[in-house]
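Visitor: Have a look at this one.
The values are calculated or read from the model by the stated rules, or taken from the named source; none is laboratory data. Because the structure is a prediction, the values reported are computed rather than measured. Using ideal geometry, Cβ is built from the backbone for each residue, glycine included, and neighbour counts are taken over all protein chains shown. The protein model used for the area step is the full one, side chains on, heavy atoms only, and it has no ligands, DNA or RNA in it. Shrake-Rupley method; radii C 1.70, N 1.55, O 1.52, S 1.80 Å.
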Amino acid sequence: MITLPERPELRAALAKIIAEVCRCDEKDLLKDTPFNEIIEHYDSLAMLEILLGIEAKFDITTDDMLPPEYRTQEEVAELFPKTLEELVDHTYNVAARLNKEEQEKSVAAEDAASTTESAELTPQAPAAVPDLTTEKSEAAPRKTAKKAAKKAAKKAAKKVAKKATKAVVETDGAAPEKPKRARKAAKKAADSTANAPKRRTTKTPSSNS
């Protein structure tokens, strides 16, 4: 924050600065005589020297003291205060503007800090936990359907194989009995044939004996 003295003190301080940098009579300045009538070479360079003296004394930069509308040195000369009283008013206005801007920045910074602190203190929503019960209940029907499909496929394959075996047996002229029984009967018949006793052959005596 920029703190300036009361008007009489500020007038005296500014008059002293101008008298030193521009080598003119301080008393004439306090009478609010126009600068161009007191200062011998009153130009943009003289104005700059005055502003530099104010910056050193009251910590108000030259850029802040210059009129914001200026673009050339001629415009600076036209807009620059013409008397000590006008310079005092201009200095007060610049200081008030700078203090207001600084205060607004401070308030904005406090609001930002408060918002950040509030966001940090606000509890965060817990991460979503997968519902294992739902997943399990959804997996059960899929498992049951898969098992049923497998069972149906196995049953169908068995039925097809049974029909094919029956067709083969009927084509060969065999009795329409189960293949297992047919194979068992055939094996038994083969075993009986193999184990049957051989007949002895009796030689008939020859008639010539």
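Visitor: Cβ-Cβ below 7 Å, separation at least six or inter-chain, first residue in the range 17-40 and at positive phi, second polar (S, T, N, Q) and not in a helix (DSSP H, G or I): which pairs?
Guide: What qualifies is 32/83.
Visitor: Inspect the range 61-84 for any residue being closer than 16 Å to residue 10 by Cα, charged (D, E, K, R) and in a helix (DSSP H, G or I) and give the result as yes or no. I'd like the intermediate steps shown before the answer.
Guide: Taking the range 61-84 first, the residues closer than 16 Å to residue 10 by Cα are 65, 81, 83-84.
If we keep only those that are charged (D, E, K, R) as well, we get none.
No.
Visitor: If the Cβ limit is 9 Å and pairs must be 6+ apart or interchain, which residue in the range 68-92 that is over 20 Å from residue 38 (Cβ atoms) pairs with which residue that is in a helix (DSSP H, G or I) and modelled with pLDDT of 95 or more?
Guide: Pairs that qualify, where the first residue is over 20 Å from residue 38 (Cβ atoms) and the partner is in a helix (DSSP H, G or I) and modelled with pLDDT of 95 or more, are 92/7; 92/10.
Conditions tested, residue by residue: (1) among the β-branched types (Val, Ile, Thr); (2) in contact with a His (Cβ under 6 Å, 6 or more places away or on another chain); (3) modelled with pLDDT under 65; (4) not in a helix (DSSP H, G or I).
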| residue | (1), (2), (3), (4) |
| --- | --- |
| 93 | no, no, no, no |
| 99 | no, no, no, no |
| 105 | no, no, no, no |
| 113 | no, no, no, no |
| 118 | no, no, no, no |
| 129 | yes, no, yes, yes |
| 134 | yes, no, yes, no |
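Visitor: Next question. Which of the residues spanning the range 1-44 are basic (Lys, Arg), outside any helix (DSSP H, G or I) and touching an Asp or Glu at 6+ places or on another chain (Cβ under 9 Å)? Before the answer, list the steps.
Guide: Here is the first cut: in the range 1-44, the residues basic (Lys, Arg) are 7, 11, 16, 23, 27, 31.
When the remaining residues are screened for being outside any helix (DSSP H, G or I), the result is 23, 31.
Matches in the range 1-44: 23 only.
Visitor: Regarding residue 47, is this residue at pLDDT below 95 and either part of a helix (DSSP H, G or I) or in contact with a Cys (Cβ under 8 Å, 6 or more places away or on another chain) (or both)? Break it down into steps so the answer makes sense when it comes.
Guide: Numbers: at pLDDT below 95: yes; either part of a helix (DSSP H, G or I) or in contact with a Cys (Cβ under 8 Å, 6 or more places away or on another chain) (or both): yes.
The answer is yes for residue 47.
Visitor: Hey, another quick one. List the number of the failed condition for residue 55; all other conditions in (1) acidic (Asp, Glu); (2) farther than 21 Å from residue 8 by Cα; (3) touching a helix residue (DSSP H, G or I) at 6+ places or on another chain (Cβ under 7 Å) hold.
Guide: (2)
Visitor: Keeping to the range 1-53, report how many residues are open to solvent by 70 Å² or more (accessible area, probe 1.4 Å) and not acidic (Asp, Glu).
Guide: Of the residues in that region, 14 qualify.
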